[in-house]
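Working notes, beginning with the structure itself.
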Amino acid sequence: MRGRSIRPALVIHVGYASPRLGLPAPSSFRHWAAAALAVAGHVSPAELSIRLVGAAEGRALNRRYRGSDHATNVLSFPVETSPGPVTPLLGDLVLCVPVLARESRQQGKTLRQHAAHLTIHGVLHLLGYDHQRPRAATTMERLEIDALASLALPNPYEIG
């Protein structure tokens, strides 16, 4: 089958712990995660869970796992594996819907655009990328921009 690219298997579990009205469908999250995996060069099968939560749950999780007593836009929980067989499980993402809604309004973008960006951002964290050091931040930001561009979505870091 020349001319066809082979994509690795991707399984996404999406849970809505917040009212679903106006939120993207699971297929959108799968599409966005696939774009992140592609730009990162991830060619193995992958599986992850995404949970969309309200402010109370987002705050509780952020307090428990990051020590910050406020809801944040996205939390990433990479799977911790022991030596042995490789697993396709990447980990879990938690997106806090009220924070995403507020930020998207403040930044002048749609909730869908912001959810796409933060899904890609979170998947890159699950793959081991971070933004703690300037060079790492530049690399991660470039991957985010490229993944969004592959989806015909705008650069989230451009102002105005």
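The values are calculated or read from the model by the stated rules, or taken from the named source; none is laboratory data. These numbers were taken from a predicted model, which means no experiment stands behind them. Positions of Cβ are backbone-derived with ideal geometry, glycine not excepted, and every protein chain shown enters the neighbour counts.
Quick notes on this structure:
- Per the conditions (1) buried (at least 19 other Cβ atoms within 10 Å of the Cβ); (2) farther than 17 Å from P24 by Cβ, the sole criterion not satisfied by H114 is (2).
A quick yes/no check of all residues on (1) farther than 22 Å from S104 by Cα; (2) touching a Cys at 6+ places or on another chain (Cβ under 9 Å); (3) hydrophobic (A, V, I, L, M, F, W, C); (4) modelled with pLDDT of 95 or more:
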| site | (1), (2), (3), (4) |
| --- | --- |
| H121 | no, no, no, yes |
| R133 | yes, no, no, no |
| A137 | no, no, yes, no |
| M140 | no, no, yes, yes |
| I145 | no, no, yes, yes |
| S150 | no, no, no, yes |
| P156 | no, no, no, no |
| I159 | no, no, yes, no |
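- The residues of the range 46-65 that are in contact with a strand residue (DSSP E or B) (Cβ under 7 Å, 6 or more places away or on another chain) and of a type outside the set (F, W, Y), listed by number, are A46, E47, L48, S49, I50, R51, L52, V53, A55, G58, L61, N62.
- Of all residues in the range 1-24, those satisfying the criterion of being out of contact with any strand residue (DSSP E or B) (no Cβ under 8 Å at 6 or more places or on another chain) and either modelled with pLDDT of 95 or more or hydroxyl-bearing (S, T, Y) (or both) are S5, P24.
- For the range 37-51, the condition of being loosely packed, with under 15 Cβ neighbours inside 10 Å, in a helix (DSSP H, G or I) and either over 17 Å from the mean Cα position of the chain (by Cα) or not basic (K, R) (or both) holds for none of the residues.
- Near pairs, Cβ below 7 angstrom, 6+ apart or cross-chain, from the range 29-55 (farther than 23 Å from A149 by Cα) to any residue that is of a type in the set (D, E, K, R): S49/D92; R51/D92
- Residues within the range 57-83 that are part of a helix (DSSP H, G or I), touching a residue at least 24 places away in the same chain (Cβ under 8 Å) and aliphatic (A, V, I, L, M), tallied: 1
- One residue stands out among those in the range 96-154 that are outside any helix (DSSP H, G or I) and of a type in the set (A, V, I, L, M, F, W, C): the one that is farthest from the chain's Cα centre (by Cα), which is A152.
- Which listed residue, of E103, E80, is surrounded by 16 or more Cβ atoms within 10 Å (Cβ to Cβ) and of a type in the set (D, E): E103
- Beta carbons closer than 6 Å, at least 6 apart along the sequence or on distinct chains, pair a first residue in the range 126-148 that is without any contact (Cβ under 8 Å) to a residue 12 or more places away in the chain with a second that is surrounded by fewer than 17 Cβ atoms within 10 Å (Cβ to Cβ) and small (G, A, S) for D130/A136; H131/A137.
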